[in-house]
Structure formats: structure tokens, C-alpha cells
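Report on the structure given below.
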Amino acid sequence: MKASLSDYIKSLPFYILPHHFISWLAYYLARITWRPVKNRFIKYTLHLHPMNMQEAVEEDPYQYESLNALFTRALKPDARPMDQDGASILCPVDGRISQIGDIKEGRIFQAKGFDYSLLELCGGQVDLAAPFLNGKFATIYLSPVDYHRVHMPVAGQLKYSVYVPGRLFSVAQHTVRAIPRIFARNERLVSYFDTETGPVIQVMVGAVNVSAIDTVWQEKVTPPSGFNIRRTSHVSEQIRLSRGEEMARFNLGSTVIMLLPENITWNQDLQAGQKVLLGQSLGRF
């Protein structure tokens, strides 16, 4: 779907908003633990974004110590059954497909009229981007009502992570349709895994109000302590994550981009705008 005039008008303020200040403020407000205040935040949030609390380990939203704790809530063990076909690629999150398809000569489709560079998305890391020049991608948007933890689509060993500073444009559908190269301009964390079937990258894209990204190997990757691209080798740490295991979490939600090699086939029924759930099969090696 091509951007409308309304999309451009609604997206225009994001060029001038102080993204990082707004997100810094959201970071601290979401961590207030004083019950009268945090409960008001939770009540207002649930009014705007009703969440299915019956799936959560703690079903009472007011028992969470902060708004951030509510957003990063754990689900009951049986809430998201994992597809049992070992050759299938698991959906890593709850969300909605923004786009899914082939990477064509290092370009990734964003929306009608827009694509962006795989190399730019990977923070200019040529060796990390190279295996995916003609690979596959899936972009999945997490709304405020969604479960905010990110899991592994396949089993793998973490080799490198790259923190890429950037803007914090909203990644709602109207901005994705209207702002060029939005995912390659926003702050993001690129995680490169070796798997039995080839390399896999998970990109966690920041956005306005997304006050932090945490991983299982490093708490609070963002907000940043600097403004330079930071590449970290994890080879010596032997960080191995199993298929379906949690790898990271958004503290308020955003977008995950999966990059996979050429030797996979996406399920034919997947399309832009479709709701997907953690653990369902997206395709097969």
C-alpha cells in the first residue's frame, strides 16, 4: 500500500520531535514503582491498549511493580506452543507482518516506493551483511498490546552484536509508508548467530518511546552511553540459545527484522498486515 497524504502529514512531526529526550522521559516514567502513580499509568495504558492478561503468568496488571514490568511480562508456559517441525523457522515474536520476502542484491523492501540497504541496516558491517545479499527477510511490528519478548527462530550461537545509533522515528504503519529508509535510520541492535543451517541475524529496531532494549547476554543495550557504532565479539563467550528460547526484550515495543540465508522458503499464506504469534512456523529450511 502506497503512502497517502494523511500518512505524510501524520509523519511530518517526527522529523522535528526530540526523539531521544521523549524516549529518555518514557524510560524513567515507565519505571516508577510508587503504587499510586504506576497504577494510574497502568490503568491509562490498558484503556488505550487492552492486553490479554489471561495469558500472563501474573494476570493482575496492578501487581506488576512498574509499567515497564507489565510490558515485559512473562507468559504462561503453554500460552505459545512452538511448532514441532525441526526444519521450520519459528516466528520470534507476537506482532504483525510489515513485509516479508526476498532480499534482492542487498536491498530490502520497506513499503511501496521505498527500499533500503542491507549493508546500512547492519551498520556498515560488510562481513555480517554478505551472507544475506540475496537472502530472505521478515519485518514484524510489535504493537503496545503485544508480548514484548523476542525469541530465537532457530537454535544458534551468538557470534557478534552491533549497536547502531540513530533516530527514533515511530515505526507505526503510516510512518513506515511515508519515511524513507526508516529501519536503516533508527537506532538498532544487530545480533548475528551461527546455526546448523547457516547464519541468521535478528535486528531489534528502536522507536520513539521505546525506552530500552535488553538482551539475555547484556542488560540495557539502549539507551546508549555513546553515539558511535559498537561491534562486540561474543565468540569466546560461547552463548548458545535454543530454538524458541528468549534472546531479548523491548521495554515498550517496536519492530524485529529477521535476516536469513537463501536456503529457506517462506510459507505461501504469509502476507503484509497479517497477525502472527510467537512459535508459529513462518517457513522451512
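Yes or no: residue 128 of a type outside the set (Ser, Thr, Tyr) and in a strand (DSSP E or B)? Criteria not met by residue 128. Evaluated against (1) surrounded by 13 or more Cβ atoms within 10 Å (Cβ to Cβ); (2) out of contact with any Lys or Arg (no Cβ under 7 Å at 6 or more places or on another chain); (3) touching a residue at least 40 places away in the same chain (Cβ under 8 Å); (4) part of a helix (DSSP H, G or I), residue 6 falls short on exactly one condition, (1). For residue 150, the requirement of being closer than 17 Å to residue 250 by Cβ and β-branched (Val, Ile, Thr) is met. Counting residues in the range 32-50 that are under 26 Å from residue 165 (Cα atoms) and under 21 Å from the mean Cα position of the chain (by Cα) gives zero. The number of residues in the range 55-79 that are in contact (Cβ under 8 Å) with a residue 60 or more places away in the chain and assigned to a strand (DSSP E or B) comes to 1.
Among the residues of the range 107-121, the ones that are more than 19 Å from the chain's Cα centre (by Cα) and surrounded by 17 or more Cβ atoms within 10 Å (Cβ to Cβ) come to 1 in all. Among the residues of the range 153-185, just one is of a type in the set (S, T, N, Q), part of a strand (DSSP E or B) and touching a helix residue (DSSP H, G or I) at 6+ places or on another chain (Cβ under 9 Å), namely 157.
Of the listed requirements (1) open to solvent by 30 Å² or more (accessible area, probe 1.4 Å); (2) outside any loop (DSSP other than H, G, I, E, B), residue 82 misses just one: (2). Summed over the range 52-79, the residues that are surrounded by 13 or more Cβ atoms within 10 Å (Cβ to Cβ) and either within 20 Å of residue 32 (Cα to Cα) or among the β-branched types (Val, Ile, Thr) (or both) give a count of 12. Looking across the range 29-51, just one residue is in a helix (DSSP H, G or I), in contact (Cβ under 8 Å) with a residue 60 or more places away in the chain and open to solvent by 30 Å² or more (accessible area, probe 1.4 Å), and that is 48. Counting only residues that are open to solvent by less than 50 Å² (accessible area, probe 1.4 Å) and part of a loop (DSSP other than H, G, I, E, B), which one in the range 131-152 is nearest to residue 55 (Cα to Cα)? That would be 147.
Restricting the first member to the range 145-167 and to residues that are in contact (Cβ under 8 Å) with a residue 24 or more places away in the chain and within 24 Å of residue 20 (Cβ to Cβ), and the second to residues that are open to solvent by less than 20 Å² (accessible area, probe 1.4 Å) and small (Gly, Ala, Ser), the beta-carbon pairs closer than 7 Å and six or more apart or on different chains are 146/95; 146/253; 148/253; 150/248; 161/191; 162/123; 164/123.
Can you say whether residue 161 is in contact with a Ser or Thr (Cβ under 6 Å, 6 or more places away or on another chain), open to solvent by less than 30 Å² (accessible area, probe 1.4 Å), closer than 30 Å to residue 4 by Cβ and of a type outside the set (A, V, I, L, M), as far as the supplied structure shows? The answer is no for residue 161. Among the residues of the range 170-205, the one identified as open to solvent by 10 Å² or more (accessible area, probe 1.4 Å), more than 19 Å from residue 151 (Cβ to Cβ) and among the hydroxyl-bearing types (Ser, Thr, Tyr) is 170.
The values are calculated or read from the model by the stated rules, or taken from the named source; none is laboratory data. Given the structure is predicted, the values throughout are model-derived calculations rather than measurements. Positions of Cβ are generated from backbone atoms using ideal geometry, with glycine treated the same way; all protein chains shown enter the neighbour counts. Surface areas here come from the heavy atoms of the whole protein model, side chains and all, with no ligands, DNA or RNA. Shrake-Rupley method; radii C 1.70, N 1.55, O 1.52, S 1.80 Å.
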